[in-house]
1. Kindly establish whether B:Ile87 is more than 7 Å from every other protein chain (Cβ to nearest Cβ), aliphatic (A, V, I, L, M), surrounded by fewer than 19 Cβ atoms within 10 Å (Cβ to Cβ) and in contact with a Phe, Trp or Tyr (Cβ under 9 Å, 6 or more places away or on another chain).
2. Is it true that some residue in the range A:13-29 is without any contact (Cβ under 8 Å) to a residue 60 or more places away in the chain, closer than 19 Å to A:Phe361 by Cα and surrounded by 24 or more Cβ atoms within 10 Å (Cβ to Cβ)?
3. Which one of the conditions (1) part of a loop (DSSP other than H, G, I, E, B); (2) at the interface with another protein chain (Cβ under 10 Å from one of its Cβ atoms); (3) not β-branched (Val, Ile, Thr) does B:Gly153 fail to meet, given that it meets all the rest?
4. In the list A:Gly371, A:Gly350, which residue meets the criterion of being under 28 Å from A:Leu13 (Cβ atoms) and surrounded by fewer than 24 Cβ atoms within 10 Å (Cβ to Cβ)?
5. With the checklist (1) farther than 30 Å from B:Thr5 by Cα; (2) touching a Phe, Trp or Tyr at 6+ places or on another chain (Cβ under 9 Å) in hand, flag the one item A:Leu402 doesn't pass.
6. Suppose we keep only residues that are surrounded by 15 or more Cβ atoms within 10 Å (Cβ to Cβ) and not aromatic (Phe, Trp, Tyr) within the range B:19-32. Which one would you say is modelled with the lowest pLDDT?
7. Going through A:Leu45, A:Leu34 one at a time, which residue ends up being buried (at least 22 other Cβ atoms within 10 Å of the Cβ) and farther than 30 Å from A:Arg287 by Cβ?
8. Please go through (1) of a type outside the set (Asp, Glu); (2) loosely packed, with under 15 Cβ neighbours inside 10 Å; (3) farther than 25 Å from A:Leu327 by Cα; (4) at pLDDT 85 or above for A:Ala429 and return the number of the only condition it doesn't satisfy.
Amino acid sequence: MIEGILIGLTTALTLQNILMVMVGCFFGTIIGMLPGLGPMTAIALMIPITYGFDPATGLILMAGVYYGAVFGGSTSSILLNAPGVPGTVATSFDGYPMAQQGKAGKALAIAAWSSFAGGTLSAIYLLFMAPSLSKVSLSFRSPDYFALMILGLTAIAAFSSKGQFLKAMMMVVLGLMLASVGQDSLSDITRFTFDNMNLTDGISFVLVVMATFAMSEALTIILKRNDPTSAAKQVSLTELGSIKINKEERTKMYKTIPRSSIIGFLIGVLPGAGATIASFLAYGMERNVVNDEEKEKFGKGSVNGLSAPETANNAACSGSFVPMLTLGIPGSGTTAVMLGALLGFGVQPGPRLYMTNPEIFWSIIMSMYIGMVILLILNLPLIPYIARILAVPKNYLIPLILFFSVTGIYVMSFNNFDIYLMIGIAVVATFLRLYDFPMPPLILAFVLGGLMEENLRRSLLLSNGSWEFLWDRALTACILLTTILIVIWHVYKTMFKKTNN
Amino acid sequence: MNINTTKIISLLFFIFSAFYLYTAYQIQVFAFDENAPFNARTFPIYLGYAGLFFSGLKLVLPEPNTIKVDHKNLEYKKTAILIVIAIIYGATILKVGYFLTTSLFLFSSYYFLGERRWVLMFLLSFPFVAAFMYLLHGVLDIYLRDPFLQSIGVMG
């Protein structure tokens, strides 16, 4: 492992890669601060640029964007009470009241240190857990992988949209359907191409991500007359106050950070759960464990109440890399986008990644830590100025997002059919978003579609067409049982809630 | 009568799944693969049935939280204009080239979104695209075809 860490450090600490982390963190922070535009949009916009680099550098850039976007989301939660991403909603519960009390600088500092500590601790957990899990996952067979993918898709559908399980499942099926367009991987028979040569190679992953996130996000902002930049204009450079944290506050954070980081990391590892659930759980747990006097402060600017969700959401981000790196199965929409990018580089994540491409495996883990340090050094003092950059009017921001989307697709294919297809998918996605159809399940399903078919093919061929492979092995049966439990729990929760209402 | 749009979307998805399923059954497979446990049409057929199942459930089950969208407050005109500009961009980029098409795409988007600061609009379109093009073409070595720049001798 020491050798691996050194390989990772050597790769991540080159001048070019440090520069990439810095650019990624900066760009991610700006996008993450804009309400509605989250890490997935930020990463999607970066993908075409990453293809100009080697895989390790490209992924380091994306990891920087990811952490920057999460941090940016926290900043807008604290300063504007407008969370950029759902994972930072809980941050606003105590961060915004603190800012209203004239302690915005302190709140930002607590958030930054908690994010740093949460990210660092979870990077250490990942450091130890990922190689061991990779070894364990070498014993996984096709039926287990197929069952795991079903679990991942069901879980993301259950967790991604509150009370909209069926809508999310429809999006999962739509994602799998889009993935089935093009040549069959084994027989080369074309499917759903309608004799159009442009569809023979299937629909590009970048195209789907750009259309469903970047482009449809821009169209939604125009359609709903939202102005994500308007709130940033209210940020005052003079009213942030001191960023110093006193001894009493530090003592509180020392207790909160370790327990919240464990919760965050474990929730992040679970497929479909992610930063939102982690931050809410950590916030709830923290309120239960503190004394009555501190409990009273929750919702009014509590240090523990701010530190807990911030630690947990960053820890969950690192946790979500575990299934992607060790099993090759992303647990969240964001890691699905990163998996798609990895596949675009010709790198197949999974248990063998850390043996076949150790420099990629370890450099991602190391760059996470470097990203945390850079976020702390760069962003904390620069936040008020970065927030000022956001005062760019919507009239410029939207065309620029559209520009990066269409250019991204054009430079990848030099084909105007892809531009038309992207516009078509973006229009449908915009309309679906209006009615709360979630997009992350579609992306995850699109990324997993090919792998899922491949594993189902192998399983069915090995069992001679019998579906007994689903319960022949204890591991497969356990994974499927978990999937069934998630569905039952979700149905029960929905019915119980309805009865209560 | 108040029509529930989510149900209409579910109905459209149901019809789409039925069409997908029909097309999946039409996929031509090799003769020796026809009766194999798994061939090129197996997975799409399952997907078609899954689509019918979930959209069918959404259609028949009651809708607890009806989503109401206030269409009067939606900005359809500007959205449609932006989409048309993007389509025109797609139609002209191969013939005219990256630089001019992209610059005009940005400039017209700013204009139709209501921007009137001409100098800023110009700076954030033509020079901005030129700089971006230099980054892609010159620094990252990503080839960009541009008949317009080639015709005036700027690009080789």
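The values are calculated or read from the model by the stated rules, or taken from the named source; none is laboratory data. As the structure is a prediction and not an experimental result, all values here were calculated from the model. FYI the Cβ positions are ideal-geometry reconstructions off the backbone, even for glycines, and counts take in every protein chain you see.
1. So B:Ile87 does not fit the description; no.
2. Checked the range A:13-29: at least one residue is without any contact (Cβ under 8 Å) to a residue 60 or more places away in the chain, closer than 19 Å to A:Phe361 by Cα and surrounded by 24 or more Cβ atoms within 10 Å (Cβ to Cβ).
3. (2)
4. A:Gly350
5. Among (1) farther than 30 Å from B:Thr5 by Cα; (2) touching a Phe, Trp or Tyr at 6+ places or on another chain (Cβ under 9 Å), A:Leu402 violates only (1).
6. B:Val29
7. So the residue among A:Leu45, A:Leu34 that is buried (at least 22 other Cβ atoms within 10 Å of the Cβ) and farther than 30 Å from A:Arg287 by Cβ is A:Leu45.
8. (2)
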